[in-house]
Amino acid sequence: MKRRDFLTASAALSASMMLPRFAMAAAAPMITVRPAPAMAPLMGVGKPETAVWAYGKSVPGPVIRIPRAKPVHIRLENGLEQATTVHWHGIRLENAMDGVPGFTQSAVAPGAAFDYRFTAPDAGTYWYHSHEKSWEQVARGLYGPLIVEEDTPVAVDTEHMFIVDDWRLGDDGAIAQDMGALRDAAHGGRLGNWLTVNGLTAPKLAVRPGTRLRLRCISAANARIMAFRFPGVAVHVIAVDGQPLAAPETLEDALLLAPAQRTDLVIDIPSDAAGEIVIEEVSTAEPIKAASFNVSGAPIRNAAPSDMVRLPPNPLNGHSLDLDGALNVDLVMEGGAMGQLAKATYQGQLFDMRTLVQEKGQIWAFNGEAGAPSAPLLHAPRGRTVTINMINDTRWPHAMHLHGHHFQVIEREGMPVTGAPWRDTELVAPAERVRIAFVADNPGKWLFHCHMLEHRMAGMGTWINVG
Ligand code: C2O
Ligand code: CU
């Protein structure tokens, strides 16, 4: 081959190698989410519809499926009469895309748009929701499932979403307009009186006998801690808060879902099953029918598979905690009804409890400070292991959520815990002490707050600074 021919050939080769890349980049579609008022049939057929705020006209919003480790572009177009943002809950993304108004971006005005561009490093089950006045906007329906696909499909026959919410509805189907009420904020948060799964009352999920299905459970409740039972079927937990467990675990008891938590289940429908298999919500005195599997058709297989589904590990699973070199801080949680909080700092000023509640609407404090403080709970050099000892000096449980990172519980009530799953939201019981640890490897300012949204509104928020 002459040199000139070689050059021509290699130029042609590199051009052809580049073409598919350009083509792929151009083809990566922009996803648009448009929050706007809508009507939703939350209560079911024959009942009045509910005026909600919804992404793409439905509650929950459309399932957003994105690939792992590839840049995505999601445009928020605000069709509300209120400013808003979207938070991609649980994704370890770039700080500027985290969707926290006044913190990582400005709130997006009515009629305005914002472009979110990020790359999700870990496959799994996440969700997206409003982070502006979330106690109101999430209560009105602004949430949806966010699924980051595994690189190769997981060996199940089918999958269903199971995104749960409890609403406070009147008999006329209208949402009670008392969002952010102080009495809710001082107690367990806004608890509803109407349970929906996938935005419906007791929906029927169609399956064939012998089906192995993945159920992606997500709690979008403002505050209620829910529990679900699956009588008559074999259930395994394969992931929590998006992250695969080291090994699948049999679900022995009810599935507990605190606000914002997720659990991926593998459910094997018996091959001789027929008719309805009811899923019950059992957190209150009277079990409620949450949903059911409607089993019909020819069996998919004659016996349950002998092996269990294993998810491939995520990059996160490669994190190793350096507890000897860790930065350790305490987070004392105080306040709420029947609490001891006498005074707290708010926006740099010390107030007694009475003024704090009546004039500032603040009822809770972290380390003596209510609301999002101007200084972070901690500064961590990038890559440092951090432990936070959460000391719950209140009479209430709290679902603590860290943005931009996943953590492991390493201590409960002062006793070491090993092999805990990676989570982004952990439930801390009244009077409990829970120490979490994580590698602070994602630079930026990250919120750390209670996901009982009224608690956060009334003081339970702080932040960390990484890098
Ligand atoms: Cu799911 Cu700061 O939130
Ligand atoms: Cu709380």
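The values are calculated or read from the model by the stated rules, or taken from the named source; none is laboratory data. Everything numeric in this text was worked out from a predicted model, so none of it was measured. We place every Cβ from the backbone using ideal geometry, glycine too, and count neighbours over all the protein chains shown. Heads up: the accessible areas ignore ligands, DNA and RNA and are worked out on the full protein's heavy atoms, side chains in. Shrake-Rupley method; radii C 1.70, N 1.55, O 1.52, S 1.80 Å.
Against the test of being closer than 30 Å to Lys343 by Cα and within 16 Å of ligand 1 (Cβ to nearest atom), the options Glu426, Glu369 yield a single qualifying residue, Glu426. Scan the stretch 105-125 and tell me whether some residue there is within 13 Å of ligand 1 (Cβ to nearest atom) and of a type outside the set (Asp, Glu). No, because not a single residue in the stretch 105-125 is within 13 Å of ligand 1 (Cβ to nearest atom) and of a type outside the set (Asp, Glu). Filtering Ile91, Ile66 for residues that are among the aliphatic types (A, V, I, L, M), more than 16 Å from ligand 1 (Cβ to nearest atom), within 23 Å of Val154 (Cα to Cα) and under 18 Å from the mean Cα position of the chain (by Cα) leaves a single hit, Ile66. Within the stretch 65-92, the set of residues being in a loop (DSSP other than H, G, I, E, B) and not acidic (Asp, Glu) comprises Arg68, Ala69, Lys70, Asn78, Gly79, Leu80, Gln82, Ala83, Thr85, Gly90, Ile91, Arg92. Only a single item in (1) open to solvent by less than 10 Å² (accessible area, probe 1.4 Å); (2) touching a helix residue (DSSP H, G or I) at 6+ places or on another chain (Cβ under 8 Å); (3) in a strand (DSSP E or B); (4) more than 28 Å from Pro203 (Cα to Cα) is not met by Asp122, and it is number (3). Scanning the stretch 175-192 turns up at least one residue that is part of a strand (DSSP E or B) and either closer than 30 Å to Lys360 by Cα or in contact with a Pro (Cβ under 7 Å, 6 or more places away or on another chain) (or both). Can you tell me which condition Pro315 does not meet? The list is (1) surrounded by fewer than 16 Cβ atoms within 10 Å (Cβ to Cβ); (2) within 30 Å of Arg183 (Cβ to Cβ), and all the others hold. Result: Pro315 fails condition (2) only. Annotation: of all residues in the stretch 432-460 being closer than 16 Å to Thr394 by Cα and acidic (Asp, Glu), the one that is surrounded by the fewest Cβ atoms within 10 Å (Cβ to Cβ) is Glu432. Considering (1) in contact (Cβ under 8 Å) with a residue 12 or more places away in the chain; (2) loosely packed, with under 14 Cβ neighbours inside 10 Å, the lone condition that Asp307 does not fulfil carries the number (1). Scanning the stretch 235-262 for residues being more than 21 Å from the chain's Cα centre (by Cα), open to solvent by 50 Å² or more (accessible area, probe 1.4 Å) and of a type in the set (Gly, Ala, Ser) gives a total of 0.
With respect to the conditions (1) in a strand (DSSP E or B); (2) open to solvent by 10 Å² or more (accessible area, probe 1.4 Å); (3) in contact with a strand residue (DSSP E or B) (Cβ under 6 Å, 6 or more places away or on another chain), Arg224 lacks only one, and its number is (1). For the residues Val148, Val156, the requirement of being outside any loop (DSSP other than H, G, I, E, B) and either in contact with a strand residue (DSSP E or B) (Cβ under 8 Å, 6 or more places away or on another chain) or not polar (S, T, N, Q) (or both) singles out Val148. The criterion of at least 2 residues that are closer than 30 Å to Asn389 by Cβ is met by the following strands (runs of 3 or more DSSP E) wholly inside the stretch 229-343: 234-240, 243-250, 255-257, 262-268, 327-335. Against the test of being touching a residue at least 24 places away in the same chain (Cβ under 8 Å) and over 19 Å from Met457 (Cα atoms), the options Val86, Val100, Val138, Val156 yield a single qualifying residue, Val156.
Residue-level analysis places Val138 among those that are touching a His at 6+ places or on another chain (Cβ under 7 Å) and within 16 Å of ligand 2 (Cβ to nearest atom). Residues in the stretch 453-463 that are within 11 Å of ligand 1 (Cβ to nearest atom), of a type outside the set (Phe, Trp, Tyr) and out of contact with any Cys (no Cβ under 9 Å at 6 or more places or on another chain): 1 in all.
A Cβ distance below 7 Å, combined with a sequence gap of six or more or placement on separate chains, defines the contacts here; from the stretch 332-359, residues that are closer than 19 Å to Asp184 by Cβ and open to solvent by 30 Å² or more (accessible area, probe 1.4 Å) reach residues that are among the polar types (S, T, N, Q) and in a loop (DSSP other than H, G, I, E, B) in the pairs Glu334/Gln340; Glu334/Thr394; Gly339/Thr394. Any chance the stretch 45-58 includes a residue that's touching an Asp or Glu at 6+ places or on another chain (Cβ under 6 Å), modelled with pLDDT of 95 or more and not aliphatic (A, V, I, L, M)? For the stretch 45-58, residues touching an Asp or Glu at 6+ places or on another chain (Cβ under 6 Å), modelled with pLDDT of 95 or more and not aliphatic (A, V, I, L, M): present.
Return yes when Thr385 is open to solvent by less than 10 Å² (accessible area, probe 1.4 Å), over 20 Å from the mean Cα position of the chain (by Cα) and within 15 Å of ligand 2 (Cβ to nearest atom) and no when it is not. Considered against the rule, which asks whether it is open to solvent by less than 10 Å² (accessible area, probe 1.4 Å), over 20 Å from the mean Cα position of the chain (by Cα) and within 15 Å of ligand 2 (Cβ to nearest atom), Thr385 comes out as no.
Among all residues of the stretch 157-175, there is at least one that is open to solvent by 10 Å² or more (accessible area, probe 1.4 Å) and either more than 26 Å from Ala38 (Cβ to Cβ) or within 16 Å of ligand 1 (Cβ to nearest atom) (or both).
Could we say that Arg412 is out of contact with any strand residue (DSSP E or B) (no Cβ under 9 Å at 6 or more places or on another chain) and surrounded by fewer than 21 Cβ atoms within 10 Å (Cβ to Cβ) here? No; evaluated as a whole, the condition is false for this residue. Scanning the stretch 344-361 for residues that are assigned to a strand (DSSP E or B) and more than 16 Å from ligand 2 (Cβ to nearest atom) yields a total of 6.
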